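The values are calculated or read from the model by the stated rules, or taken from the named source; none is laboratory data. What you are looking at is a predicted structure, and each value in this text was computed from that prediction instead of being measured. No Cβ is skipped: glycine too gets one built from the backbone with ideal geometry, and neighbour counts run over all protein chains shown. Only protein heavy atoms, including side chains, enter the accessible area calculation; ligands, DNA and RNA are left aside. Shrake-Rupley method; radii C 1.70, N 1.55, O 1.52, S 1.80 Å.
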Amino acid sequence: MAIRNIRTEGEDVLRMICKPVSEVNDGTRRLIGDMYDTMYATDGVGLAAPQIGVVKRIVVIDDREGHKFALINPKITEKSGTQRSCEGCLSLPGYRGEVDRPKEVTVEALDEYGEPVTLHAKDFLAVICCHELDHLDGILYKDLAVNYERV
Ligand code: ZN
């Protein structure tokens, strides 16, 4: 496994609509391994494939509170409530912003073995899911932020 270069704002790949993964195989799992390595090397809590230049619908998440998983072709199927989160992004280094997000979300996806999974996330984990899934549609948190500032 390997640490990949993080793509930063201005690179086209961050604005692309990512393609669904049609078959989950060893190549997918190698990519996920690299995504974990890259996320941990940068102290992130989530990473989406386009952030390392891969236009596929895959994210990895580790909220550092015991929730660690990869999601393939994830979709938010339910959301409720609202919360205001303070966010940063590995692709927007040196900035932060506040975003209004759902308080709770349900996500349906495939895991790294191609098995369907349903995830109920709330609070911080819901924020991470929303932030990472947005990347798969070319959306950056700054697009949604009520304020966005240099730190
Ligand atoms: Zn991000």
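From LEU133, LEU125, LEU90, which residue is open to solvent by 10 Å² or more (accessible area, probe 1.4 Å), under 15 Å from the mean Cα position of the chain (by Cα), more than 20 Å from ARG7 (Cβ to Cβ) and aliphatic (A, V, I, L, M)? Break it down stepwise before answering.
Details: LEU133 fails: more than 20 Å from ARG7 (Cβ to Cβ); LEU90 fails: more than 20 Å from ARG7 (Cβ to Cβ).
The match here is LEU125.
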- Note on the structure: Note on region 34-71: residues more than 23 Å from GLU11 (Cα to Cα) and open to solvent by less than 10 Å² (accessible area, probe 1.4 Å) are ASP63, ALA70, LEU71
- Collect the residues in region 8-33 that are under 14 Å from the mean Cα position of the chain (by Cα) and within 24 Å of TYR113 (Cβ to Cβ), keeping them in residue-number order. CYS18, ILE32
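Would it be correct to say that GLU78 is touching a His at 6+ places or on another chain (Cβ under 9 Å), surrounded by 14 or more Cβ atoms within 10 Å (Cβ to Cβ) and among the charged types (D, E, K, R)? Let's see the steps before the verdict.
Working: touching a His at 6+ places or on another chain (Cβ under 9 Å): yes; surrounded by 14 or more Cβ atoms within 10 Å (Cβ to Cβ): no; among the charged types (D, E, K, R): yes.
Answer is no for this residue.
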